[in-house]
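Report on one structure; see the data block that follows.
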Amino acid sequence: MTSPAQSYRVFARKYRPRSFAEVIGQDHIVRALSAAIDKQRVGQAYMLIGPRGVGKTTTARIIAKSMNCLNGPTVTPCLECPPCVEIERGSDMDVIEIDGASNNGVDDVRGIRDAVQTHPIRDRRKIYIIDEVQRLSGQAFDALLKTLEEPPAHAMFLFATTDPHKIPETIVSRCQIFEFRRIREVDVQAKLQFVCDQEGVVVPSEVLAAISRGCRGGMRDAESMLDQLLATSDDEVTLDDLESLSGLARPERWLRLFEAIANDDPRVILLEIAGFLEVGGTERDFVEQSVDALRDLLHVALLGEDSIGVEPAPERKQQMVELARTLGRDRMEGIMGMIFSLESRIQRSPLGARALLEYTMLRAARINQFFELANLLNNDGTVQAAVTTPPTSRIAVAAPQPTPTPKAVPKPEAAVPKDAVPAPAAAPKLTFNEMMAQLTKERPTLAATIKSYFITAEKTATEVVLILRQANGADLSVLEDPVEQRALRELSFSPLPWRIEFEVPPIIPVNPTVESLVSEFDGQQEIE
Ligand SMILES: [Zn+2]
């Protein structure tokens with residue numbers, strides 16, 4: 001099913017767009033450039049900005065062809081005349097391509113400065129395409145700036161960059177700027193399908209969809225992935241092939257993972273993480289892909305099932321709808337936040353990456369308990385009237401235990417004295433979130449401790465109790481520090497007196513049902 005070796009060219013090159021009409025997903029740029037060329041108002045310096053593999057240098061070459069085509073300047077270069085053919089091949093004497101990453105010295109740019117003054121040998125314009133221009137040295141930029149200040153009329157500069165903020169403002173301000181977008185998944189998939197049709201190969205659409213998802217808007221990456229996949233499999237390619245080749249997980253893996261998170265099923269969570277890492281994905285791949293999968297679920301919840309970008313199989317679609325409903329918006333947003341902060345933590349301590357991943361996912365499964373506080377407290381800091389029973393999930397968590405429900409164990413020396421907070425009639429100064437924000441600023445260790453061990457808040461008729469986890473080995477000494485205690489007492493988030501208690505967590509049951517979580521969400525709504 002692979003192409004014969006003698007005609008082999010990597011897909012990204014073989015199917016590279018050759019004209020504006022073939023450029024995918026950058027309509028805004030194509031429109032603006034076409035108008036400029038039509039009206040003969042083409043600038044002398046363009047800065048093409050965007051992520052890798054979305055078509056920046058390809059577009060630069062098309063601009064060069066448009067300017068230098070013997071039938072031009074034209075929006076539709078003929079692709080057959082000597083300039084068109086040579087620009088395509090990279091052999092046109094008047095279109096000079098420079099890789100900023102490897103030619104970043106000041107001498108190279110001085111060379112340009114001198115050469116740019118001489119007239120083009122054959123073509124209408126002498127065009128410099130400088131890729132990765134942000135990699136030039138400071139001196140090289142200075143030399144370039146002199147050229148850009150007074151470019152000869154025949155000269156044109158096309159800069160491409162993934163990192164525009166690394167380019168001096170003096171340079172950027174002399175360029176017209178085009179921002180390239182990541183290419184939409186449907187567009188990537190359509191292009192991959194086109195490549196398969198041209199090559200006479202059949203690849204299941206679910207595989208193309210997974211590649212389109214995994215390339216994160218970069219067409220070149222998608223084409224390379226398809227290329228490698230076809231080169232390494234002899235039979236029909238499958239999602240398993242893709243997973244072992246690229247670390248791109250099968251979509252079902254994410255559904256299983258988030259289902260396990262919804263069910264607080266730690267065993268399945270750990271198995272899914274292990275499975276992902278075993279087939280070659282890294283922890284960072286996991287972060288990227290799980291965020292994408294969660295984003296799909298969030299979109300289903302907020303925008304309806306038609307929001308799913310690349311059409312999944314019908315049974316998976318139904319599964320996604322149900323899972324999105326089970327998880328609910330709050331929980332999905334919360335989990336997404338946890339995964340985002342995981343990314344930077346993995347960067348800081350790569351050796352502990354797997355443990356961090358497991359820890360975060362296990363905590364994500366218990367995120368409901370964090371939201372109980374949000375349900376308990378109104379935004380203005382007042383406490384909702386009717387919440388008097390412990391939230392359902394605590395019952396669900398505790399029910400399978402043979403021992404009695406774990407009791408909150410007061411720790412008087414660490415608790416904030418009741419008389420230190422305003423009387424019930426006093427207006428609250430802060431909401432809970434504001435209090436935590438202020439605490440984070442003023443007492444970071446204290447705030448971090450409360451956040452790390454926070455389980456839930458409960459309201460009785462007379463007080464609000466923040467319940468913290470009494471974890472083994474947890475260092476809670478900061479809560480006993482009198483200075484910290486005073487800081488805590490001076491902030492209030494509830495008109496009722498509040499204090500801290502500790503709870504020894506029960507062993508997490510392996511199989512609480514989805515239904516208990518659903519009823520919990522609905523239950524909270526009904527209470528309002
Ligand atoms: Zn031509």
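Please enumerate the residues belonging to segment 59-101 that are more than 9 Å from the ligand (Cβ to nearest atom), surrounded by fewer than 21 Cβ atoms within 10 Å (Cβ to Cβ) and among the polar types (S, T, N, Q).
76, 91, listed by residue number.
Out of (1) crowded, with 22+ Cβ neighbours inside 10 Å; (2) within 12 Å of the ligand (Cβ to nearest atom), what's the single condition that is false for residue 50?
For residue 50, the exception is condition (2).
Determine which member of the set 362, 323, 357 is at pLDDT 90 or above, surrounded by 15 or more Cβ atoms within 10 Å (Cβ to Cβ) and either among the small types (Gly, Ala, Ser) or over 20 Å from residue 274 (Cα atoms) (or both).
Exactly one of 362, 323, 357 is at pLDDT 90 or above, surrounded by 15 or more Cβ atoms within 10 Å (Cβ to Cβ) and either among the small types (Gly, Ala, Ser) or over 20 Å from residue 274 (Cα atoms) (or both), namely 323.
Give 31, 110, 41 a once-over and let me know the one that is closer than 30 Å to residue 212 by Cβ, more than 13 Å from the ligand (Cβ to nearest atom) and among the charged types (D, E, K, R).
Values: 110 fails: closer than 30 Å to residue 212 by Cβ; 41 fails: closer than 30 Å to residue 212 by Cβ.
Being closer than 30 Å to residue 212 by Cβ, more than 13 Å from the ligand (Cβ to nearest atom) and among the charged types (D, E, K, R) holds for just one of 31, 110, 41, which is 31.
Does residue 189 satisfy the criteria of being surrounded by fewer than 21 Cβ atoms within 10 Å (Cβ to Cβ) and outside the structural domain of residue 60 (by TED's automatic domain parsing)?
So residue 189 does not fit the description; no.
The values are calculated or read from the model by the stated rules, or taken from the named source; none is laboratory data. Computed from a prediction, not measured in an experiment: that's the story for all the values here. Cβ coordinates were reconstructed from backbone atoms using ideal geometry, including for glycine residues, and neighbour counts include every protein chain displayed.
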